[in-house]
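Here the structure comes first, spelled out in structure tokens, and everything after it is commentary.
Bear in mind that the values in this text are calculations on the coordinates, not laboratory data. This one's a predicted model, so the numbers in the text were calculated from it and none came from an experiment. With ideal geometry, Cβ positions are generated from the backbone for all residues, glycine too; neighbour counts draw on all protein chains shown.
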Amino acid sequence: MNSLGAANARFGIDLFRELKKTKDGNVFFSPVGISTTIGMIMLGTRGPTALQLQKVFYPEKDTENSKAKADEKVGSQDAEEIHHQLHMFLTDISKPTNDYELTIVNRLFGEKTYLFLQKYLDYVKKYYHATLEPVDFMNAADESRKKINSWVERQTKEKIKDLFPEGSLNNTVKLVLVNTIYFKGQWDRAFLKEDTKEETFWLTKSTSKPVLMMKQCHSFLFARLEDWQAKILGIPYKNHDLCMFMLLPDEIDGLEKIVDQVSPEQLVEWTSPGYLEKRTVSVHLPRFQVQDTYDLKDSLSALGLGDAFSERCADYSGMSPGSGLHAQKFLHRSFVEVTEDGTQATTGTGASFTTATASDLEMFHCDHPFLFFIRHNESSAILFFGQFSSP
């Protein structure tokens, strides 16, 4: 599971940088949700298409340099290990608990007249707990779209609405894969609502907005990153299975440099048990809400996954015989709310195819842009990743 966690961190950072190229302000998405959707897609791919998708999970391997490997089917040892690890992770993280709500649900919606390989359907059910629901894209594309959106809305407690906007699915669509993640967790130690006061949040050195700032002083996992002029803090949720980490630069405008230069390995190291120390920290954290929608087709193509979207190059012969399928859209909609009690976060991903003492007190005042991410501690997998820079 450690290799999955490390690959997940790298994928999250790489995708975050791509999203930042075309988007200013707040960012929020689920690396786990997106990579799970890629895993379901990968099950149905073959040849170079499959090998490109494998790089999400084995980024350190140069899978392009072997013609022999390019001809292997996705049932190779590497691919089987990826699906096995994702299956183990999804099974483990879905175990019921009274301490928080966390559900990851996958579903396939397929054109009822289209022939999908039974082997693909069996494997996607085995590894991803996903079943196929027949719909009528050919004659009732918009009704099918509304049906899919309604399912996503139910899975995310009505936080994700209209994952597929009007006109996004037509009568050429054969398959829609959907992943949803819903999380609602309470802090191990809640912020007191009476301590929340209006304070200033600096977007830049010259621009500010008022925010409701939550406050508490307690023992937290903390590290000062001297070389980076920043600090990192971990706030656990109840039972400590999950933790929110925040990376805060010392300077108001210091986040861009960190985003440009930080490596996934450093992010993993900084949040490891051996790196962080328990310190008494005065925490000021805005009460905030972020929601957004992304079409990830261009971003994923920029990360080297372009074959999956190419009408000419895509190989989905493991999904349908002589399919001619290619991924048309890769939509991701996200929502997070951080309050005194804890955090509520959810995402929906859809891919469619067409043919201390006072002297020891540390200060962690999030009154300017910062990174945050929610991690599953046992696997080190990053469930949610974001930047808060604009109230």
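Here's the list of aspartates and glutamates a cross-link from Lys119 could span, going by alpha-carbon distance under 20 Å and ignoring same-chain residues fewer than 8 apart: Asp71, Glu72, Asp78, Glu80, Glu81, Glu111, Glu133, Asp315. Go through Lys197/Lys231; Lys21/Lys125; Lys205/Lys278; Lys23/Lys159; Lys193/Lys278; Lys55/Lys184 and tell me which ones have a Cα-Cα distance over 27 Å in this structure. From the list (Lys197/Lys231; Lys21/Lys125; Lys205/Lys278; Lys23/Lys159; Lys193/Lys278; Lys55/Lys184), the Cα-Cα distance tops 27 Å for Lys21/Lys125; Lys205/Lys278; Lys55/Lys184. Working ranking of peptides 270-280, 231-241 by packing, defined as the average number of other Cβ atoms within 10 Å per residue, highest first, is 231-241, 270-280.
By the helix-only formula, in which each DSSP H run with n ≥ 4 contributes -39500 (n - 2.57) and the sum is divided by residues, the chain has a 222 nm mean residue ellipticity of -8000 deg cm²/dmol. In this structure, Arg224 and Gln291 have a Cβ-Cβ separation that, at R0 = 22 Å, corresponds to a calculated FRET efficiency of about 0.10.
Ranked from largest, the principal axis spans of the Cα set of region 281-359 equal 69, 24, 20 Å. Among 188-197, 304-313, 328-337, sorting by the average number of other beta carbon atoms lying within 10 angstrom of each residue, highest first, gives 328-337, 304-313, 188-197. From the alpha carbon centroid of region 230-281 to that of region 159-221 is 18 Å. Sorting the segments 165-178, 247-260 by their mean number of nearby beta carbons within 10 angstrom, highest to lowest, gives 165-178, 247-260. Where both bridge residues fall in the chain, DSSP classifies roughly 90% of the beta bridges as antiparallel. Contact order for region 152-229, expressed relative to its length and based on alpha carbon pairs under 8 Å spaced 6+ residues apart, stands at 20 percent. Relative intensity of region 242-378 on a log10 scale, I(q)/I(0) at q = 0.13, 0.19 Å⁻¹, equals -0.81, -1.26, per a Debye sum over C-alpha point scatterers of equal strength in the absence of solvent.
Here the chain is described by how far its Cα atoms reach on the three principal axes: 69, 45, 42 Å, from widest to narrowest.
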